[in-house]
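Working notes, beginning with the structure itself.
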Amino acid sequence: MRLSIPTATFMASIQWSASFAPSSSTSSTTYSHSQQLKKYDNTLFHTSNLALAASTQEQSNNADADLIEHTFLSNTSFSAPKLSFRPSLPEERGKGGVQASQPISTLEVIARIPRNLIIATCDDDDLSSSRVAEAISQMDAEKYSWAADLCAATLCSLFPNSDVNDDASITLTKAKQEWIAQWESGGWATNNADLGPEDADWGPKCVTGSLLSTGSDNDFNVYAKFRFPTHPVVYRAGSGLAMLTGSEDQTALDALLLRGRVFRGMRDALSTLVEQPSTHRKGTVRDRKGWDVADMLSRMLARVTTLELGQDAKMAYAVVPIHERLAHCGDGGQGENSKLVVADGGKEVLLVATRDIAVDEEITRDYSLAPSLDGDDTNGPLRLLLQFGLPPVSVAVKNGTSSD
């Protein structure tokens, strides 16, 4: 990527190491990522920083494991007799911790998940679907996407309708609400710590809520006079993301900009579904609701899959308990050892083993097969980190050993 004088000066000012910082004395310079990765000696965008950011999620991961064991298994028809659950480790960033407690055979049902625990774009709940439809109708038609639909359905489950009154429905609604409320991990920079130390220039202290909610659709014109293609925080983040994943700067930046546009397209409409905005960030109620939509979008994208649901077995976008937190199978090797199968006329979804699974082996899925945002053609480490929060070198635990 070629840097103009102002841009190069800016890059040199944000705490890059001396060996990596571009020189502001030249009009334009081209830098290869291989050189950057070898020379870079700063924790701003280092892979170790990913584990640092993830460490803030440990308490939530403990709660997530407890939720599955004590709430889902005790109070719903959820069943997983041969699974054990542990909190995911900080370096796993919310993925992992579901293991075989007994030998599992090929095509054996690992877990039975009731349909009404699943969040999907074709939810049958009349109250929920009407609220989703009402919110989505406030969006510009050209900005509609499956991501907005599923994000709206997730928010409706987090802030359920108060008209639910029978005991069984109340128990299930509460379990689903608690499950979603404990989501912490998401795509890269859902946690601002991914952007480096708090005092870094154009880092965490300069985001507006979160990286996803920073910037506007008019940033190109706003920052053109400074020869920046977008908001400086987003531009800096794109450079860091490119270094982490070995991607081209422009490719990484385009992926960030796409996510921002998708979010802004749904922000105002879906903010109406946020009944109680979070209080950990200072801002107006409107701002905090918008930031909560951004967080939910990122967390939902990190968990999404597709299923054939609905009356005509129509393909739907969904988030499924347990499946959404499975470890990544990694590249190469035997691939994922589980798949989702719709059963009983759509009343439940089965997690089925694709091969024999040994005791203590992680149950895995292939996140590269999950749906991406409309218009997103990224793949490999860039997509795995940005959408799912999976580190550039994702370690999958197989048969008691780890492989890169």
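The values are calculated or read from the model by the stated rules, or taken from the named source; none is laboratory data. Remember, predicted model here, so these are calculated numbers, not experimental data. No Cβ is skipped: glycine too gets one built from the backbone with ideal geometry, and neighbour counts run over all protein chains shown. Surface areas here come from the heavy atoms of the whole protein model, side chains and all, with no ligands, DNA or RNA. Shrake-Rupley method; radii C 1.70, N 1.55, O 1.52, S 1.80 Å.
Annotations
- Val207, sole failed condition from (1) closer than 19 Å to Ala302 by Cβ; (2) in contact (Cβ under 8 Å) with a residue 40 or more places away in the chain: (2)
- Residue within the range 166-177 that is closer than 17 Å to Leu386 by Cβ and modelled with pLDDT under 95 present: no
- Among (1) over 25 Å from Thr245 (Cα atoms); (2) surrounded by 19 or more Cβ atoms within 10 Å (Cβ to Cβ); (3) touching a helix residue (DSSP H, G or I) at 6+ places or on another chain (Cβ under 9 Å), the one test that Glu336 misses: (1)
- Remark: Val320 falls outside the filter, which requires a residue to be among the β-branched types (Val, Ile, Thr) and under 16 Å from Leu155 (Cβ atoms).
- When the range 50-98 is filtered for residues that are part of a loop (DSSP other than H, G, I, E, B), over 30 Å from Met243 (Cα atoms) and at pLDDT below 85, the ones remaining, listed by number, are Thr76, Ser77.
- Qualifying residue in the range 167-175 (condition: hydroxyl-bearing (Ser, Thr, Tyr) and free of Cβ contacts under 8 Å to residues at least 24 places away in the same chain): yes
- In the range 99-118, the residues that are of a type in the set (Lys, Arg) and either at pLDDT 95 or above or assigned to a strand (DSSP E or B) (or both): Arg112
- Among the residues listed as Ala135, Ala153, the single one being more than 22 Å from Trp188 (Cβ to Cβ), buried (at least 18 other Cβ atoms within 10 Å of the Cβ) and within 17 Å of the chain's Cα centre (by Cα): Ala153
- Among the residues here, Ile322 does not qualify as modelled with pLDDT of 95 or more and of a type in the set (Val, Ile, Thr).
- Listed by position, the helices (runs of 4 or more DSSP H) inside the range 231-319 whose residues that are among the β-branched types (Val, Ile, Thr) and either under 15 Å from the mean Cα position of the chain (by Cα) or surrounded by fewer than 18 Cβ atoms within 10 Å (Cβ to Cβ) (or both) number at least 2 are 249-271, 285-301.
- Residues satisfying the stated conditions in the range 88-113, i.e. surrounded by 19 or more Cβ atoms within 10 Å (Cβ to Cβ) and out of contact with any Leu (no Cβ under 6 Å at 6 or more places or on another chain): Ser88, Glu92, Arg93, Gly94, Lys95, Gly96, Gly97, Gln99, Ala100, Ile104, Ile113
- When every residue of the range 212-221 is checked against the conditions, at least one turns out to be open to solvent by 10 Å² or more (accessible area, probe 1.4 Å) and farther than 25 Å from Lys282 by Cα.
- For the range 275-308, the set of residues classified as more than 25 Å from Arg93 (Cβ to Cβ) and in contact (Cβ under 8 Å) with a residue 60 or more places away in the chain consists of Glu275, Gln276, Gly283, Asp287, listed by residue number.
- Of all residues making up the range 187-206, the number that are open to solvent by 10 Å² or more (accessible area, probe 1.4 Å), of a type outside the set (A, V, I, L, M) and within 30 Å of Pro321 (Cα to Cα): 3
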